[in-house]
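Taking it in order: structure first as structure tokens, then the write-up.
The values are calculated or read from the model by the stated rules, or taken from the named source; none is laboratory data. Since the model is a prediction, treat every value here as computed from it, not as a measurement. Counting neighbours? That spans all protein chains shown, and the Cβs are built from the backbone with ideal geometry, glycine included. In case anyone asks, the SASA skips ligands and DNA or RNA and just uses the protein heavy atoms, side chains included. Shrake-Rupley method; radii C 1.70, N 1.55, O 1.52, S 1.80 Å.
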Amino acid sequence: MQAINVSIGVDQRLWPQDLAGSRAHCRMLAERKIISAEAAEAILGGLDTIESEITNGSFPFRDQYEDIHMNVEARLAELIGEASGRLHTARSRNDQVATDFRLWVREACDHTVGQLEALQSALLDKAEPHADDLMPGFTHLQPAQPVTFGHHLMAYVEMFGRDASRFADARARMNESPLGAAALAGSPFPIDRQMTARALGFDRPMANSLDAVSDRDFALESLAAASICAGHLSRLAEEIVIWMTPQFGFVTLPDHLTTGSSIMPQKRNPDAAELVRAKTGRIMGSLVALSTVMKGLPLAYSKDMQEDKPPVFEAFDALDLALVAMTAMVAALKPDTGRMRAAAGSGFSTATDLADWVVRELDLPFRQAHHITGAAVKRAEALGVDLAQLPLDELTAIEPGITSEVYKVLSPEASCDSRRSYGGTAPEQVRARIAEWKTRLS
């Protein structure tokens with residue numbers, strides 16, 4: 001029973017939140033004359049001693065006391081005697097753990113937002129000097145249209161901005177206090193739940209005592225945000241892996257962010273990126289794990305909910321490390337702008353520019369222009385040239401109205417520069433978005 005019931009090995013990391021909740025509860029009990037000022041003073045002093053013991057490594061975490069709450073309570077009794085028993089007046093481990101866990105997840109969300117902003121800043125610093133540098137834009141991992149490297153990086157700034165907003169939204173919804181709900185029905189003592197909520201930085205107490213002790217939506221929502229964020233990190237990691245292959249050769253990472261091979265001395269493996277990609281499985285798995293724990297539980301508290309913390313801790317630990325690693329990689333990433341520029345014009349990437357020119361200059365429907373462009377691409381393929389090198393007589397044989405002016409739009413530079421619609425890849429648009437994000441993050 002002890003083996004399956006004990007959780008101190010996992011939940012001992014909740015000790016700062018447990019002490020904070022206990023202090024707030026103790027002060028409220030004294031303020032409401034539920035316990036004496038002398039008892040409160042002894043309890044607060046004992047909690048200070050426990051904090052010192054935990055921080056200096058001398059606190060005796062013991063399996064026999066099952067969880068962090070009972071370990072603290074047992075140690076408090078050893079330190080101050082009978083007064084310690086008064087701390088648990090008008091509360092239960094049910095509302096205690098709900099409060100502690102909510103505080104921990106709230107702090108984890110705040111920390112993650114800070115990490116995301118650091119990653120966004122690294123992306124901005126890398127995007128700004130490369131707002132003009134061309135690279136191929138892909139669909140289906142096939143060359144589609146030229147874009148700039150800065151524009152490509154800014155796509156991730158937007159993604160991680162949405163991630164940060166999701167964590168902030170989750171934080172706002174979770175910022176209600178379960179403390180005072182007691183076991184499930186509330187308390188007969190004249191407690192002040194508004195006081196403890198304010199003391200712990202919550203906006204208000206939770207309005208239903210059953211919901212207060214049984215809700216883990218805040219953890220699920222945070223894991224959902226973490227899973228989406230991990231997906232974005234994995235996409236960027238995958239691109240770094242691809243870009244570093246000799247077949248692409250778009251970027252390099254320094255030695256301290258790559259690894260070698262035990263038998264192949266030439267290898268520079270992007271292991272940091274690959275491991276960021278792999279962490280996604282742990283994070284998404286944590287969401288599934290907790291969703292499965294919660295899916296069939298009747299109100300209010302069930303011991304199943306002890307299994308809420310391992311997936312949340314594991315997910316945020318993995319996300320923390322992935323964000324640190326990705327920020328370091330982005331900061332150290334060195335693009336080969338010449339190689340990217342050469343690839344930007346491959347695969348007839350300015351074909352759409354030819355079609356657009358035909359629509360604008362010859363006033364033909366886009367579908368007809370699309371057919372003309374397809375024929376031009378076929379002819380260029382047959383001759384082994386790019387569209388920009390296709391002779392004018394070849395183009396006029398397909399569509400007599402085409403003139404030499406068309407060549408002004410067939411270079412990758414011209415293609416990028418023409419995409420000046422809001423959010424487009426034109427360098428002026430890229431710089432404008434960089435400036436907007438710098439203002440937002442500052």
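Brief remarks follow.
- Arg198 out of contact with any strand residue (DSSP E or B) (no Cβ under 7 Å at 6 or more places or on another chain), surrounded by fewer than 18 Cβ atoms within 10 Å (Cβ to Cβ), modelled with pLDDT of 95 or more and of a type outside the set (Gly, Ala, Ser): yes
- Every pair of residues 6+ apart whose Cβ atoms lie under 7 Å, when the first sits in the stretch 1-21 and is in the same structural domain as Glu73 (by the TED database) while the second is among the acidic types (Asp, Glu) and part of a helix (DSSP H, G or I): Gln2/Asp63; Val6/Asp63; Ile8/Asp63; Leu14/Asp100; Gln17/Asp100; Asp18/Asp100; Leu19/Glu51; Gly21/Asp100
- Whenever a residue of the stretch 272-283 is in contact (Cβ under 8 Å) with a residue 24 or more places away in the chain and assigned by the TED database to the domain that holds Val241, its partners that are in a helix (DSSP H, G or I) and among the aromatic types (Phe, Trp, Tyr), lying with C-beta atoms within less than 9 angstrom and at least six residues away or across chains, give the pairs Ile283/Phe316.
- Being of a type outside the set (Gly, Ala, Ser), closer than 23 Å to Leu134 by Cβ, at pLDDT 95 or above and open to solvent by 80 Å² or more (accessible area, probe 1.4 Å) is a description that does not apply to Arg440.
- Selection status of Pro310, modelled with pLDDT under 95, more than 22 Å from Leu119 (Cβ to Cβ) and open to solvent by 30 Å² or more (accessible area, probe 1.4 Å): no
- From the options Leu76, Leu123, residue that is out of contact with any Phe, Trp or Tyr (no Cβ under 6 Å at 6 or more places or on another chain) and at pLDDT 95 or above: Leu76
- Looking across the stretch 270-322, the residues that are under 18 Å from Cys109 (Cβ atoms) and among the aliphatic types (A, V, I, L, M) come down to Ile283, Met284, Leu287, Leu290, Val312, Ala315, Ala318, Leu319, Leu321, Ala322.
- Of all positions in the stretch 181-195, at least one carries a residue that is in contact (Cβ under 8 Å) with a residue 12 or more places away in the chain and touching a strand residue (DSSP E or B) at 6+ places or on another chain (Cβ under 7 Å).
- Some residue of the stretch 108-125 being in a helix (DSSP H, G or I), without any contact (Cβ under 8 Å) to a residue 12 or more places away in the chain and within 30 Å of Ala322 (Cβ to Cβ): yes
- In summary, Ser404 fulfils each of the numbered conditions (1) in contact (Cβ under 8 Å) with a residue 12 or more places away in the chain; (2) open to solvent by 60 Å² or more (accessible area, probe 1.4 Å); (3) at positive phi; (4) among the small types (Gly, Ala, Ser) with the single exception of condition (3).
- Helices (runs of 4 or more DSSP H) contained in the stretch 149-268 and holding at least 1 residues basic (Lys, Arg): 149-174, 193-199, 217-244
- Helices (runs of 4 or more DSSP H) (entirely within the stretch 366-442) containing at least 2 residues that are small (Gly, Ala, Ser): 366-383, 412-418, 427-441
Okay, residues lined up against (1) open to solvent by 50 Å² or more (accessible area, probe 1.4 Å); (2) within 16 Å of the chain's Cα centre (by Cα); (3) more than 30 Å from Asp110 (Cβ to Cβ); (4) at pLDDT 95 or above:
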position	(1), (2), (3), (4)
Gln142	yes, no, yes, no
Ala164	no, yes, no, yes
Ser177	no, no, no, yes
Gly180	no, no, no, yes
Ile191	no, no, no, yes
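- Residue satisfying condition, being part of a loop (DSSP other than H, G, I, E, B), without any contact (Cβ under 8 Å) to a residue 60 or more places away in the chain and crowded, with 16+ Cβ neighbours inside 10 Å, within set Ile54, Ile35, Ile43: Ile35
- Test for Thr337: is it hydroxyl-bearing (Ser, Thr, Tyr), open to solvent by 40 Å² or more (accessible area, probe 1.4 Å) and in the same structural domain as Leu257 (by the TED database): yes
- Total residues in the stretch 345-365, condition part of a loop (DSSP other than H, G, I, E, B), without any contact (Cβ under 8 Å) to a residue 60 or more places away in the chain and under 16 Å from Lys378 (Cα atoms): 0
- Residue check for Glu128: among the acidic types (Asp, Glu), under 30 Å from Glu413 (Cα atoms) and open to solvent by 10 Å² or more (accessible area, probe 1.4 Å): yes
- Test: residue in the stretch 331-344 that is in contact with a strand residue (DSSP E or B) (Cβ under 8 Å, 6 or more places away or on another chain), part of a loop (DSSP other than H, G, I, E, B), farther than 26 Å from Val113 by Cβ and not hydroxyl-bearing (Ser, Thr, Tyr): yes
- Filtered by the rule that a residue be open to solvent by 10 Å² or more (accessible area, probe 1.4 Å), over 25 Å from the mean Cα position of the chain (by Cα) and either among the aromatic types (Phe, Trp, Tyr) or under 13 Å from Ala185 (Cβ atoms) (or both), the stretch 91-104 gives Arg91, Ser92, Asn94.
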